Every structure is written in structure tokens, then in C-alpha cells.
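Below is one structure, written out as C-alpha cells; comments come after it.
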Amino acid sequence: MALEAFSDEQARVIVNLEQAYQVWMETLRTLNDIPYNMRIKEVSGREYLYEVTDRAGNMRSKGPLDPDKQAEFETYKTGKAELKDRLAQSKKTLKEQASLYRALRLPMLPAEAGKILREADRIRFLGEQAMVVGTNALVAYALEANAFIRDAPDSTLDFDMALTAIAADTTRPTLWKVLKEVDMTYTVNAERPFQARNAKAYEVEILSAPSRIGGQQARDKPRPVALPEQEWLLNGRPIDRVVGVYGGEAARMIVPDPRWFALHKLWMAEKPGRNPQKKPKDRKQGIALLDAVRQTMPHYPLDAAFFGELPEALKRHFEHWAARGQ
């Protein structure tokens, strides 16, 4: 297979990009977790400390100003200024590393996908409630393999996410909030209610295993269709990587165990009703990824124990692939 290992410089930049992203995201979350603002306001001749709850200027009183509240106000202002400075510095470092990443022609995500993933990560929707599936996942797999997976076509004009939450929880953020924070022009496709599109015609498809369909809140959208084969992608150990994004950005990806993803692709290549134009790509991706796992990912063994975990629907595909390498 055509596996081309990353150079030492490429591998170094990948590590630096991940470190820079983690610092930036941690700072951004911390800044988001503190009050939007605080201010002192005089009411009927007496000063009160107010917490501004949103950018619209809505406020709630914290009570009359006294020495303790004055100290709270000063601590807040100082802390917020330090966080904003740290955020600016970490953003600059992240941009620098993302530029190096792109200059070295490493695997990258489309800009629209990166926007969704950064927002999903910021509000802790990614991982806890969803992971990336579909062709975009190959970017993360290439980084895990520390190599270009040349035989796996990765061009795509859409973005697939699978819901992973077991039970609905109204205290958690929604998918619709993620999409609308990214781009207010996202709307649900009336003919395909599991899909959202923005004004640029970028498509986001939402999938779900039957066991996780109840994890989406009733008011959330798009509404996925439960697909039994999505259960396979919940098995094994997911991969968590930070990747480069076109436009000089970066994003975090959580993707399924590469072994299960590859076999799922091989199964899709023979699935009745599957778009025949997609089947050759499915097969190439499945084979190339299994080859990459065998050669570069010993921490994902393709041994008898793994084979024993497979359902009958996937064992045949594993055997056919294994026979190719003999």
C-alpha cells in the first residue's frame, strides 16, 4: 500500500499544534465559564454590583456594594484581563503552528468542518455527545498512523457526525446550538431531516446508532435516523487528535476505533441501496485504513482476540482483507 511516513519536522509540528490548541481551548473555556461581565451601578443613590449575563446586556444584581463585593469586582476585572491576554497569546501561537502545518502539506480539514468542531469542543459537545464519522475521519487516522494514507481518497463536500450520548440531558448543549453559533444560516433540509445546510451549501449529516438515538434532546435538530451499523463504530477505543484546518486554523477530532471504522467501510461498499458511486471509495478507504493499522498502529491489534469480537457481518470482510496480505 502507499503509506508515506511523515518526516521528523512534520511529526514535530503535529505535536506542537496539539499543544498549542490545548492551551488555547483551555483558556477559551475558562474565559467562557466566568461571568460575561461585571459592573457597578448606582440605584436610588446606592451602589450595587451587577453581573452581566450575556452580550445583550442583561444583568442580575449581586447586592449592595461593600468591601467584599468591591474585592470580588477587582479580582474579576484583573482575572478577566489576564485571561484575555493569555487567549490572544495562545491564539497567536496556534496560528503560527497551523501555518507551519499547512506549509508542510499535512492532512487537513475543510474550513467549515473546523468551525463546527471548534465550537463543539468549546461547549463540550464533542466527545461527550458526538464524534466525527465519514471521510473526514481519515485526517485523524493519518495523524495516528504518522503517515499519509495515499490509497484512501479523502475528498468530501459534507461533514458527518454521529451522536454518542446514551440518554438525553437538558443541561447539556444541543447540536443545533453548535451549528447556529457557527453559522446562523444553517437550516434543516426538509426532505432529509437528518441533514443541515448553510448558505454556502455545506452539508452536515447527523447519524446515530439505535442505542444512542435517545441521547438527543427532543427539541434538538437535525434529527438522525437510527442505523444499526452505527453500533459498530461505538466499539473499541476512539482516537482523539488535533488536526490542521484550511484557513490557518486547527480543530480537535474524536473518531471511531480505526479497525471498526475500516470494516464498516468495507461493509458499506457492499450494502444494498448504497450509492454505487460511493462504493469504490468505501472499499479503497477500508482496505487502506486496515493496511495502515497493521503497519503503523500496533496499539490497535488485528489479532484473534479482535476477530472474536466481530459480528458475523464483518468477519467475512476481515478474512478477505487478511487474505490479501498473505
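The values are calculated or read from the model by the stated rules, or taken from the named source; none is laboratory data. It should be emphasised that the depicted structure is a prediction, and the values quoted were computed from it without experimental measurement. Cβ placement follows ideal geometry from the backbone for every residue including glycine, while neighbour counts extend to all protein chains displayed. Calculation scope for accessible area: heavy atoms of the full protein, side chains included, ligands and nucleic acids excluded. Shrake-Rupley method; radii C 1.70, N 1.55, O 1.52, S 1.80 Å.
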Heavy-atom SASA rank of Leu263, Leu207 (probe 1.4 Å, accessible area, largest first): Leu207, Leu263
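Please return the longest stretch of the chain lacking exposed loop sites, where trypsin sites (Lys or Arg not before Pro) count only if DSSP places them in a loop and at most 11 other Cβ atoms lie within 10 Å. Before the final figure, lay out the partial values.
Working: sites that count: Arg55, Arg105, Lys200, Arg219.
No qualifying site falls inside 220-326, the longest such stretch.
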Calculated from backbone phi, Karplus (6.51, -1.76, 1.60) coupling profile of the range 200-206 in Hz, x at Gly/Pro: 8, 6, 6, 9, 10, 10, 10
Distance between the range 77-111 and the range 208-257 - C-alpha centres, whole angstrom: 25 Å
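Could you please put Asp66, Asp121 in sequence from largest to smallest accessible area, using a 1.4 Å probe? Before the final figure, lay out the partial values.
Details: Asp66 60, Asp121 5 Å².
So the residues, ranked largest to smallest area, are Asp66, Asp121.
Per residue, how much accessible area does the chain show when a 1.4 Å probe rolls over the protein heavy atoms, in square angstrom? Spell out each step's value before the answer.
On the way: 16000 Å² over 326 residues.
With the other protein chains kept in place, the chain gives 49 Å² per residue.
Treating only the Cβ atoms of Lys and Arg (+1) and Asp and Glu (-1) as charged, compute the dipole magnitude of the chain about its Cα centre; round to the nearest 20 debye. Walk me through the numbers before you get to the answer.
Details: 49 positive and 45 negative charges, 138 e Å.
Its charge dipole is roughly 660 debye.
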On Cα atoms only, tilt of 111-122 relative to the major axis of the chain in degrees: 60 degrees
Cross-link partners of Lys315 among lysines (Cα-Cα below 28 Å; sequence separation of 8 or more within a chain): Lys265, Lys271, Lys278, Lys279, Lys281, Lys284
C-alpha long axis of helix 279-296 to longest principal axis of the chain, angle in °: 80 degrees
Crossing angle, helix 258-268 versus the chain [Cα axis fit, 0-90 degrees, rounded to tens]: 60 degrees
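Note down the relative contact order for the chain as a percent, whole number, built from C-alpha pairs under 8 angstrom at least six residues apart.
Working: 529 pairs, mean separation 58.8, N = 326.
Worked out over the chain, it gives 18 percent.
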Cα-derived Rg over Rh, computed across the chain with Rh taken as Kirkwood radius: 1.05
Nearby lysines by direct alpha-carbon distance to Lys91 (threshold 22 angstrom, same-chain neighbours under 8 apart not counted): Lys77, Lys80, Lys115
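So, with a 1.4 angstrom probe, what is the percent of accessible area on the chain that is carbon and sulfur? Intermediate values should be presented prior to the final figure.
Values: 7960 of 16000 Å².
Of the solvent-accessible surface of the chain, carbon and sulfur hold 50 percent.
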Antiparallel DSSP beta bridges within the chain, percent to nearest 5: 75 percent
Whole-percent pair-distance distribution, where bins are 5 Å wide, for the alpha carbons of the range 199-326: 2, 9, 15, 20, 19, 17, 11, 5, 2, 0, 0
Label-to-label distance, nm, for residues given as Gln295 and Ala201 (7 Å Cα→Cβ offset): 3.7 nm
Solvent-accessible surface (1.4 angstrom probe) belonging to His264, in square angstrom, nearest 10: 20 Å²
Rg/Rh (Cα only; Kirkwood hydrodynamic radius) as it applies to the range 43-171: 1.15
